[in-house]
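The structure appears right after this line, and notes come after that.
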Amino acid sequence: MSYVGPDFDPPQPRRSRRRPLTVAVAALVPGALLGWLVYETVGGSGGGSEEAVGTPTSSSSAPASPTTASTSAPDDEKPSPVPTPKTSAPAVSGPLKGKVVVIDPGHNPNNFQHTAEINKKVNIGTGWKECDTTGTSTNSGYAEAEFTLDVAHRLRTLLEKQGATVKLTQDGDRTFGPCIDERASIGNKADADAVVSIHADGAGAGQRGFHVILPGSVHSGSADTRPIVASSAELGERIAGSFVRVTGSAPSNYVGDGTGLVTRKDLGGLNLSTVPKVFIECGNMRDSKDAAQLTSGAWRQKAAQGISEGIVSFLRG
């Protein structure tokens, strides 16, 4: 999540095709007895049709993000182009009725166009850190920001079916960001019962697996995680357990000592949170085997299911 992805060419509009349906034909049929001719005409014509191309979700004032321009990727590697509201309607029924979950899709598809803004430093309690980054990508160009939004949409649908009210920190509808301090503030202001920040890592090839990041005990400046350390750890443990079971993925082989759990004190999104919150790095985009999973729509559905079941388990106690 802390790696800057490569530049991409902006998406090009797909050329429309027109196909003529049927060319008129005529057949001449001779009469044998009377010596007259009968012409029987069979014909048909039709206009071509243009297939609409889905438009990536973005701010109306900004160009479309290049992260959605992977024309060689299968359809299931792309998030739905249908815009969706950032906050779900109040739940009517279900085991999570009355619960509020905030999903934080890491980065933003438009960040690459606003490097000056996202490089500005914000206070995270223990020091100062960049507002945000562009995120990483697979070697084939599938961007982390695209991945996180797709999983967030799937996760929101699953949680709403359980009765939860769900809010996203961003839905590709902002010109950049939000900054890490604002991401934390969104969860705090919502008085969320649980917050999950979704990411994918950009480590070296051969480094595989997922890991869940827990907040360490921080009490510095505007940051005080002491009230949420225990509850966040429980949330993270339940998500990690469900993620293994549902996706079949192994815990990270490069951090966490095989537990799939890592504690950090340098992430503003965790330091500034006043509600239970964790990050999940769903895999390593720079490893070809992990990338094959991350770019699969079927696997991303499993990832969302694993995260959802962990959240449900945590909230139901």
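Please verify whether the stretch 107-130 includes one or more residues that are under 15 Å from the mean Cα position of the chain (by Cα), within 19 Å of Asp191 (Cα to Cα) and at pLDDT 95 or above. Looking through the stretch 107-130, none of the residues is under 15 Å from the mean Cα position of the chain (by Cα), within 19 Å of Asp191 (Cα to Cα) and at pLDDT 95 or above. Is it the case, given these coordinates, that Asn284 is of a type outside the set (Gly, Ala, Ser), more than 21 Å from Ile180 (Cα to Cα) and touching a strand residue (DSSP E or B) at 6+ places or on another chain (Cβ under 6 Å)? Yes. Regarding Gly216, is this residue out of contact with any strand residue (DSSP E or B) (no Cβ under 7 Å at 6 or more places or on another chain) and modelled with pLDDT of 95 or more? No. Each residue in the stretch 268-277 was checked for being in a loop (DSSP other than H, G, I, E, B) and of a type in the set (Gly, Ala, Ser), and 1 pass. Keeping to the stretch 262-294, report how many residues are open to solvent by 20 Å² or more (accessible area, probe 1.4 Å) and polar (S, T, N, Q). Count: 4.
Close contacts from the stretch 231-253, counting a first residue that is farther than 9 Å from Val212 by Cβ and a second that is modelled with pLDDT under 95, with Cβ to Cβ under 6 Å and a gap of 6+ residues or different chains, come to none at all.
Among all positions in the stretch 297-308, there is no residue which is open to solvent by 10 Å² or more (accessible area, probe 1.4 Å) and among the hydroxyl-bearing types (Ser, Thr, Tyr).
Checked across the stretch 251-267, the condition of being assigned to a strand (DSSP E or B) and among the basic types (Lys, Arg) holds for at least one residue. Look at (1) surrounded by 21 or more Cβ atoms within 10 Å (Cβ to Cβ); (2) over 9 Å from Val101 (Cβ atoms); (3) hydroxyl-bearing (Ser, Thr, Tyr) and you find that Ser185 fails only one, number (1).
Scan the stretch 206-235 for residues that are in a loop (DSSP other than H, G, I, E, B), open to solvent by less than 40 Å² (accessible area, probe 1.4 Å) and over 22 Å from Glu309 (Cβ atoms) and the total you get is 3. Taking the criterion of being hydroxyl-bearing (Ser, Thr, Tyr) and touching a residue at least 60 places away in the same chain (Cβ under 8 Å), the residues of the stretch 170-226 that qualify are Thr175, Ser185, Ser197, Ser220, Ser222.
From the list Arg238, Arg316, the one residue that fits, being open to solvent by 20 Å² or more (accessible area, probe 1.4 Å) and under 30 Å from Tyr142 (Cα atoms), is Arg238.
The values are calculated or read from the model by the stated rules, or taken from the named source; none is laboratory data. Since we're looking at a predicted model, the values are computed, not measured. Backbone-built Cβ (ideal geometry, glycine too); neighbour counts: all protein chains shown. Please note that ligands, DNA and RNA were not included when accessible areas were found on the heavy atoms of the full protein model with its side chains. Shrake-Rupley method; radii C 1.70, N 1.55, O 1.52, S 1.80 Å.
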